[in-house]
Amino acid sequence: NVGILGGDTTPPTTRLIKPSADTTCDEDSISIEASASDNVGVTKVQFFSDAKLLHAVSAAPYLFTWNLTSVLNKTYALTAKAFDAAGNVRTSRPVKVTVKRIAPICRTSPYCRYKSLQPRPDEGQQH
């Protein structure tokens with residue numbers, strides 16, 4: 001990568017600080033934080049879940065809260081991608097996060113029953 005600013009070819013460094021690897025989340029949201037540095041300066045950090053862009057931050061601290069209320073229960077690979085002014089880019093190592101949320105399903109009664117967003121393997125079977 002030949003940079004725009006006087007031949008800067010050094011990509012930024014970046015890594016995810018939060019969440020830690022192999023985290024299981026059963027909450028409505030999760031905090032995601034990255035560190036990023038560069039010999040000239042970081043211009044932005046983007047956060048991805050698998051290949052989907054979740055959020056971008058143009059100044060430190062590089063963090064945001066991922067809303068999980070409409071996210072399927074499964075394992076996601078989170079990454080951070082750091083950019084510098086010369087156009088150099090580096091992607092962090094992925095951190096696996098498993099979402100296992102339980103969502104309330106309220107009926108007409110005053111009591112709520114809880115049901116996983118993903119059916120249990122035995123759900124629907126007669127006992």
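The values are calculated or read from the model by the stated rules, or taken from the named source; none is laboratory data. Because the structure is a prediction, the values reported are computed rather than measured. FYI the Cβ positions are ideal-geometry reconstructions off the backbone, even for glycines, and counts take in every protein chain you see. The accessibility values were calculated without ligands, DNA or RNA, using every heavy atom of the protein model including side chains. Shrake-Rupley method; radii C 1.70, N 1.55, O 1.52, S 1.80 Å.
Tabulated data for the structure shown
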item	result
Test: residue in the range 28-35 that is in a strand (DSSP E or B), in contact (Cβ under 8 Å) with a residue 24 or more places away in the chain and over 17 Å from the mean Cα position of the chain (by Cα)	no
The one condition in (1) over 18 Å from residue 85 (Cβ atoms); (2) free of Cβ contacts under 8 Å to residues at least 40 places away in the same chain; (3) open to solvent by less than 70 Å² (accessible area, probe 1.4 Å); (4) out of contact with any Asp or Glu (no Cβ under 9 Å at 6 or more places or on another chain) that residue 64 fails to fulfil	(4)
Of residues in the range 42-52 being over 9 Å from the mean Cα position of the chain (by Cα) and at pLDDT 95 or above, the one surrounded by the most Cβ atoms within 10 Å (Cβ to Cβ)	45
